[in-house]
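Engineer: Would you mind keeping the following structure in view while I ask a few things?
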Amino acid sequence: MAQQAVRCFCGFHVQGDEDHVVAALIGHALGFHQMTLNREQVLAMAEPVAGG
């Protein structure tokens, strides 16, 4: 599975396979920003990692 990465505006960074990135960012958004994100929103922000 291709590697993805997302960097939050607060500086939080997550990288890994799609499922890991989605779960981590959803948890981060809720826990630190009281924001609810869904899978599609996270994937819209994700960027492929070169060589991943």
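Engineer: What are the residue pairs meeting all of these: first residue in region 3-22, first residue at negative phi and of a type in the set (Phe, Trp, Tyr), second residue part of a strand (DSSP E or B) and at pLDDT 95 or above, Cβ atoms under 9 Å, and 6 or more apart or on different chains?
Structural biologist: As it stands, the answer is Phe12/Val6, since those pairs meet every condition given.
Engineer: Looking only at region 23-37, filter to residues that are touching a residue at least 12 places away in the same chain (Cβ under 8 Å) and hydrophobic (A, V, I, L, M, F, W, C); which one of those is surrounded by the most Cβ atoms within 10 Å (Cβ to Cβ)?
Structural biologist: This residue is Leu25.
Engineer: Applying the selection to region 20-48, what residues are assigned to a loop (DSSP other than H, G, I, E, B) and either at pLDDT below 95 or within 12 Å of Arg7 (Cα to Cα) (or both)?
Structural biologist: Selection gives Ala46 alone.
Engineer: Can you tell me which residue is nearest to Gln15 (Cα to Cα) among those in region 38-52 that are surrounded by 13 or more Cβ atoms within 10 Å (Cβ to Cβ) and under 10 Å from the mean Cα position of the chain (by Cα)?
Structural biologist: Ala46
The values are calculated or read from the model by the stated rules, or taken from the named source; none is laboratory data. Predicted model, so just to flag it, every value in this text is computed and none were measured. Neighbour counts are summed over all protein chains in view; Cβ atoms, including those assigned to glycine, are modelled from backbone coordinates with ideal geometry.
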